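Trainee: Please see the structure below; I have some questions.
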Amino acid sequence: MQIIMKGDFMRKIILPVISVFFIMLVFLSARKNDFAQLSINRSECNGMMNAIYCDVIIEKLIGDGFLYFEDYTVSGFEILGERTLFDRVNLSLSGGEKITLSMQPGKYRIKCITPAEKQYEYLGKNILWNSNYLYVDLKQNSKSQIDVFPDADDAGYSGGWKLKFQKNYTSS
């Protein structure tokens, strides 16, 4: 059995541990910018429509199919342009709210829904409001935005959601 002296201890134990720590820091700081930013903006509407939440469903392409995806980080949340803390369990947005997510680059499909029990009998329709799927390919370091609008016809709001994708979005 070999006895390690003070100088040997520093050279053989402490310095390699510190070196590994710094290498990890450099690696992690280089990787933190590899993500894509996706903002989801629920436009402000008229009256009661603002109080009706839409649930944002995100699915990631893995292999040959899309799977429900929750591996994102909320990096910003605004209500009517004012930054605030996002403290909800799921991605639900009401009128005038915008959320920004940091996500892994990849192919996603996104849709918005509002179950009948969350509509407060607003339009008197007991149906699921939903949008079509929006397919997006988020690239490394990209900034994109999805705008969410309530579906409307000549008579007004009709139930459902429309999604519009803005690639290479720059916020003001």
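We did not get these values from a lab; they are worked out from the coordinates using the rules stated. Remember, it's a predicted structure, so these values are computed and weren't measured experimentally. Counting neighbours? That spans all protein chains shown, and the Cβs are built from the backbone with ideal geometry, glycine included.
Trainee: If the reach is capped at under 13 angstrom between alpha carbons, list the aspartates and glutamates near Lys143, excluding any in the same chain fewer than eight residues apart.
Mentor: Output for Lys143: Asp34.
Trainee: Would you please give the residues with an amide H less than 5 Å from that of Glu44, counting only those at least 5 places away or on a separate chain, with H modeled from the backbone geometry?
Mentor: Gly96
Trainee: Cα centroid distance between segment 100-172 and segment 64-81, in Å?
Mentor: What the calculation gives is 12 Å, centre to centre.
Trainee: Count neighbours as other Cβ atoms within 10 Å of each site's Cβ, and list the trypsin sites (Lys or Arg not before Pro) in segment 83-172 that are DSSP loop with at most 14 such neighbours.
Mentor: Passing both the DSSP loop test and the Cβ count: Arg88, Lys125, Lys139, Lys167.
Trainee: Can you give me the relative contact order of segment 63-172 as a percent, contacts being Cα pairs under 8 Å and 6 or more apart? List each step's numbers first, then the result.
Mentor: On the way: 164 pairs, mean separation 22.5, N = 110.
After rounding, I find 20 percent.
Trainee: In whole Å and largest first, what semi-axes does the C-alpha gyration tensor of segment 118-172 yield when each eigenvalue is scaled by 5 and square-rooted?
Mentor: Square roots of five times the eigenvalues give 29, 12, 9 Å.
Trainee: Tell me, what is the FRET efficiency for Ala51 and Gln104 to the nearest 0.05, using R0 = 25 angstrom and their Cβ-Cβ distance as r?
Mentor: Plugging the Cβ-Cβ distance into 1/(1 + (r/R0)^6) gives 0.15.
Trainee: Next question, about the same structure. If you average 1/r across every pair of different Cα atoms in segment 35-94 and take the reciprocal, what Kirkwood value do you get, in Å?
Mentor: Every distinct Cα pair counted, the radius reaches 13.5 Å.
Trainee: Now for a different question. For Asp71, what is the net charge nearby, where nearby means another residue's Cβ is under 13 Å from its Cβ and Lys, Arg count +1, Asp, Glu -1?
Mentor: Local charge sum for Asp71: -1.
Trainee: Taking the Kirkwood radius as the inverse of the mean 1/r across Cα pairs, report the Rg/Rh of segment 63-103. Mind dumping the intermediate values first?
Mentor: Numbers: Rg = 12.4 Å, Rh = 11.6 Å.
The Rg/Rh ratio comes out at 1.06.
Trainee: If the cut-off is a Cα-Cα distance under 16 Å, which aspartates and glutamates reach Lys125, setting aside same-chain residues fewer than 8 apart in sequence?
Mentor: The qualifying aspartates and glutamates are Glu117, Asp151, Asp153.
Trainee: Please report the base-10 log of the normalised intensity I(q)/I(0) for segment 54-136, using a Debye sum with one equal scatterer per alpha carbon and no solvent, at each q in 0.20 (1/Å).
Mentor: Here log10 of I(q) over I(0) equals -1.04.
Trainee: What are the residues whose amide H is under 5 Å from the amide H of Phe35, where those residues sit 5 or more places off or on another chain and H is modelled from the backbone?
Mentor: Asn141
Trainee: Moving on. Counting Lys and Arg as +1 and Asp and Glu as -1, what is the net charge of the other residues whose Cβ lies under 9 Å from the Cβ of Glu59?
Mentor: In short, +3.
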